[in-house]
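S.K.: Before anything else, here's the structure in question.
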Amino acid sequence: MSRHLFVALFLFFSGMLSVADTQYESNASVSSQGEQHTLRAALQKIESKETEGNVWTKIYSNYQTYQKLKSKEERLFKENYRLKRLKHPTAEEEEAYKKNGIALQTLKGKLELLKEFEQDPFKRVIEPPHIEDAPEVGNPVGILGAISYKKKLTEQQKKYEAAYQSLLKEVEILKRRYALLEKLSALQPEDRQIAVKKQALRGELDTFGPVLEIFETTKEVYNKKLEEEKLKLDAEVEQEYEKMLKIAGVMFVFLLLFLLIKYLVHRYMINKDSYYTVNKAANFVFLTILVLVLLFAYIENVSYMVTVIGFASAGIAIAMKDWFMSLMGWWVIVIGGSIHVGDRVKFVRNGMQYVGDIVDISPLRMTMQEDVTLTSFTDNRRSGRIIFIPNNYIFTDMVANYSHAGLKTVWDGIDFAVTFDSNVAKAVSIAKEVTKKYSKGYTDITRKQLNKLRSHYHIKNTNVEPRIFSFIEPHGMVISAWYLTNAYATLTLRSKISMEIIQRIQEREDIEIAYPTQSLFVNNSIPRPDLPPLETKPKETHES
């Protein structure tokens with residue numbers, strides 16, 4: 001009995017221990033899975049925070065791609081070399097040889113694009129910016145150049161430091177990822193994917209580690225050079241400030257002396273002529289001394305002398321503005337080609353119009369000879385003058401060129417009026433026939449020239465045939481005839497056309513020329529009011 005009880009108790013406690021072990025293993029498994037989940041979440045969080053546009057990751061990726069493509073090229077080359085040496089290749093081997101050749105050409109193009117990543121791919125990123133030669137601070141203008149130079153160096157230093165910090169951050173992220181992968185690998189040694197990731201990450205760390213060390217050393221050397229340049233530049237600027245203070249002191253003494261002399265002259269010199277002479281002499285002497293002080297202070301600096309001359313030229317340009325504007329106008333005329341010698345032009349200045357031919361273009365002015373034109377007939381009532389036009393007028397006044405780009409014809413118009421009861425259609429027909437008759441040659445010339453100008457200008461309307469318009473006016477129907485004529489002889493053709501139009505209209509009985517008239521209508525049927533009889537004075541008699 002006791003033996004059976006003992007066996008039962010033994011079996012009971014054995015079962016209890018087995019259950020406890022199973023529960024412990026289960027709890028341990030749950031704990032391991034929780035830790036794995038935590039590690040994977042942390043790893044995913046780090047990977048998600050990495051910037052896709054990270055320059056270091058891209059460079060490394062391109063470097064790896066280049067190495068893989070290079071290895072593939074070598075394998076294909078060896079395979080093709082083996083296939084080429086076969087004496088009796090099969091059809092499949094020949095096909096493989098061709099495919100390998102095409103693949104090699106493709107790989108060659110890809111490798112050419114990634115050529116910069118063949119050796120030392122990080123060189124262009126970790127290489128410090130080029131330090132340009134510092135400007136010479138030998139004058140006040142040089143101080144501005146020094147300030148700008150220091151600002152540029154500071155910006156370069158910031159960019160270079162930012163690149164270093166980005167690499168340092170990338171290495172730290174890689175180390176954190178590697179530590180997490182090590183922990184995951186310890187928990188799941190059989191997971192092949194984790195091992196592959198760990199190996200790839202180890203390769204990245206082995207690549208970026210030496211790059212970071214080189215970058216750090218290069219950065220230290222670069223920063224020291226920058227500090228040396230800045231200290232040297234600060235010393236030169238300080239020296240220039242001291243020099244400027246000395247020159248300002250000398251100039252201030254001369255200014256006080258100059259003001260004292262002018263005060264004494266104004267106070268004690270009574271003769272106005274002498275006062276004017278001495279005052280002018282004092283001004284000249286002061287300005288001469290001022291210029292000499294500046295010259296002796298900066299004569300060793302040629303660049304500053306050039307600057308002084310530039311400022312002097314600017315002052316002269318302001319004082320002689322119209323003269324320089326005329327020179328600029330001449331340059332625009334010569335280069336732009338808007339006006340040439342021989343062109344017929346019209347200038348408008350202060351309401352006056354001048355039409356004539358350009359006979360000369362000099363650097364300062366254009367010379368125009370007036371001709372008898374419609375403007376002379378209607379406005380000026382004189383012609384034949386030689387007119388000198390400053391070149392700067394092309395910037396401020398309107399200029400019309402009648403013969404630009406070889407186009408030597410213009411539109412001219414003649415207006416005449418016929419009575420309302422006239423045969424207006426016939427009058428329009430006569431105007432069209434006459435204008436077409438006399439302008440035919442100019443029409444053909446203009447058509448050819450406009451076709452040539454289309455390559456230079458956006459010309460839409462190329463209709464060159466005569467145009468006849470008719471309008472209702474208070475005194476009759478006004479007919480306006482427009483036609484092309486020689487720009488140099490508009491009045492001649494206008495006279496001929498006018499004469500023939502009048503002659504042909506006079507031959508017609510159903511057409512009458514209209515002009516402003518007044519008509520008086522008398523209506524006798526309207527009764528007149530009775531008017532008182534006129535009183536007459538009696539005749540005086542003279543007695544003798």
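S.K.: Can you tell me which residue among L167, L233, L201, L181 is under 40 Å from the mean Cα position of the chain (by Cα), modelled with pLDDT under 80 and either part of a helix (DSSP H, G or I) or among the acidic types (D, E) (or both)?
M.R.: None of the other options fit; the residue is L167.
S.K.: Give the number of residues within the stretch 483-516 that are in a loop (DSSP other than H, G, I, E, B) and either closer than 18 Å to S429 by Cβ or at pLDDT below 65 (or both).
M.R.: Number satisfying all stated conditions: 7.
S.K.: Here is a follow-up. Please tell me if L69 is hydrophobic (A, V, I, L, M, F, W, C), over 46 Å from the mean Cα position of the chain (by Cα) and either in a loop (DSSP other than H, G, I, E, B) or surrounded by 14 or more Cβ atoms within 10 Å (Cβ to Cβ) (or both).
M.R.: no
S.K.: Tell me the residue from E35, E73, E92, E52 that is at pLDDT 70 or above, under 30 Å from Q119 (Cβ atoms) and either acidic (D, E) or touching a His at 6+ places or on another chain (Cβ under 8 Å) (or both), please.
M.R.: Checking each option against the conditions leaves just E73.
S.K.: Being at pLDDT 85 or above, within 27 Å of P516 (Cα to Cα), out of contact with any helix residue (DSSP H, G or I) (no Cβ under 9 Å at 6 or more places or on another chain) and assigned to a strand (DSSP E or B): is that true of A425 here?
M.R.: Considered against the rule, which asks whether it is at pLDDT 85 or above, within 27 Å of P516 (Cα to Cα), out of contact with any helix residue (DSSP H, G or I) (no Cβ under 9 Å at 6 or more places or on another chain) and assigned to a strand (DSSP E or B), A425 comes out as no.
S.K.: For the stretch 434-469, which positions are of a type outside the set (A, V, I, L, M, F, W, C) and in a loop (DSSP other than H, G, I, E, B)?
M.R.: Of everything in the stretch 434-469, those that are of a type outside the set (A, V, I, L, M, F, W, C) and in a loop (DSSP other than H, G, I, E, B) turn out to be R454, S455, H456, Y457, H458, K460, N461, T462, N463, E465, P466.
S.K.: Additional query: Of the residues T106, T65, T90, which single one is assigned by TED's automatic domain parsing to the domain that holds F208, of a type in the set (S, T, N, Q) and over 30 Å from L201 (Cα atoms)?
M.R.: Going through T106, T65, T90 in turn, just one is assigned by TED's automatic domain parsing to the domain that holds F208, of a type in the set (S, T, N, Q) and over 30 Å from L201 (Cα atoms): T90.
S.K.: Still on this structure, I have one more. Please verify whether the stretch 386-401 includes one or more residues that are farther than 30 Å from D322 by Cα and either modelled with pLDDT of 90 or more or not acidic (D, E) (or both).
M.R.: No, because not a single residue in the stretch 386-401 is farther than 30 Å from D322 by Cα and either modelled with pLDDT of 90 or more or not acidic (D, E) (or both).
S.K.: From the list F77, F117, exactly one residue is exposed (fewer than 14 other Cβ atoms within 10 Å of the Cβ) and in contact (Cβ under 8 Å) with a residue 24 or more places away in the chain. Which is it?
M.R.: Checking each option against the conditions leaves just F77.
S.K.: Here is a check on your reading of the model: is D412 of a type in the set (D, E, K, R), farther than 23 Å from W331 by Cα, in the same structural domain as E500 (by TED's automatic domain parsing) and over 38 Å from the mean Cα position of the chain (by Cα)?
M.R.: yes
S.K.: Looking at L205, L181, L233, which is the one that is in contact with a helix residue (DSSP H, G or I) (Cβ under 6 Å, 6 or more places away or on another chain) and surrounded by fewer than 17 Cβ atoms within 10 Å (Cβ to Cβ)?
M.R.: After applying the criteria, what remains is L205.
The values are calculated or read from the model by the stated rules, or taken from the named source; none is laboratory data. This one's a predicted model, so the numbers in the text were calculated from it and none came from an experiment. Glycine gets a Cβ as well: all are built from the backbone with ideal geometry, and neighbour counts include every protein chain shown.
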